[in-house]
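Rule-based calculations on the coordinates, nothing more; no lab input. Owing to the predicted nature of the structure, the values given are computational and were not obtained by experimental measurement. Backbone-built Cβ (ideal geometry, glycine too); neighbour counts: all protein chains shown.
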Amino acid sequence: MPFALITGASKGIGKSIAEQLAARGFDLLLIARSAVLLDQVAKEISLTTNKNCQWLALDLAEDQAAESVFEYCNKNQFVVSVLVNNAGYGLSGRFEKYSVQEHTDMLRVNIITLTKLTRLFLPSLLKQPAAYILNISSSASYQAVPLLSAYAASKAYVLSFSRGLFQELKNTTVSVTCICPGPTDTNFVNRANVGTKGQKAAERFNMSPQTVARIAVDSLFRRKPEVITGSLNKLSAFFAWLLPKSIVERIAMKLYD
């Protein structure tokens, strides 16, 4: 059975997507930083689905991370038919709060490694009868978000890149789907250092990672180019388009101030 490769697969949305894909019959290659968590998740999924579940512990902020993943697959002769670029994180607070290296690491994970993995695996994906790319963006991709400025911009890239690539590959066997979740019950707010006000706002609208993953995988196999999860997030994206940008941005900033 072809493999589904999932980045950021040790917890949250990535783990739930892995469970969904294994239940649909795919073998898995899980990528994340923590070997302990990956081993635990792989054993759980293998036990419940009887699928081949491999893992590779790797920091996707490393300069050659994408090449390392690609070489690992070639060495082990893993044929990847589903590429899930899920790994990503944010940095909350004023832009100057974080060092150049911290911003660079985040952008490598959110943009560079995602793009490189897509480019490296695309030739083999194109040779298969049916193949899929799933990119996880964010509802933040629809507007500038002060105090999450670089993160929101990186997710806007993911959405724009995905939509463009969807059109490029429309007459091939490869489809591209971009999922834009809103607040989700994951570790995002903690890693991003979101303040108390922002955490409380997120908790009011949180979706479960299982729900987001189910929507994502269903949309993937329906070959949808872009999906916003949840009616409230769709409404938020609509108002971000409808209202003056300055008003939307000031409202967003108050959540993280």
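So what's the projected area for the stretch 58-147, the Cα convex hull averaged over all directions, in nm²?
On the way: hull surface 27.0 nm².
Average of the hull's projected areas for the stretch 58-147 equals 6.7 nm².
Please order Val82, Val100 by the number of other Cβ within 10 Å, starting at the fewest.
Val100, Val82
Of the residues Ser154, Phe121, Ser141, the one whose Cα sits farthest towards the positive end of the charge dipole of the stretch 88-156 is Phe121 (charges of +1 on Lys and Arg Cβ, -1 on Asp and Glu Cβ, taken about the Cα centre). As a proxy for reagent exposure, Phe95, Phe3 were ordered by neighbouring Cβ count within 10 angstrom, fewest first; the result is Phe95, Phe3.
A 19 angstrom limit on the alpha carbon distance is what I want to check against. Which of Lys15/Lys75; Lys11/Lys234; Lys15/Lys51; Lys11/Lys97; Lys155/Lys234 exceed it?
Numbers: Lys15/Lys75 24 Å; Lys11/Lys234 25 Å; Lys15/Lys51 15 Å; Lys11/Lys97 27 Å; Lys155/Lys234 16 Å.
Those over the limit are Lys15/Lys75; Lys11/Lys234; Lys11/Lys97.
Taking the beta-carbon count within 10 Å as an exposure proxy, list Ser208, Ser236, Ser137, Ser99 from fewest neighbours to most. Don't skip to the end; give the middle numbers.
On the way: Ser208 13, Ser236 21, Ser137 28, Ser99 9.
Least crowded to most crowded, the residues run Ser99, Ser208, Ser236, Ser137.
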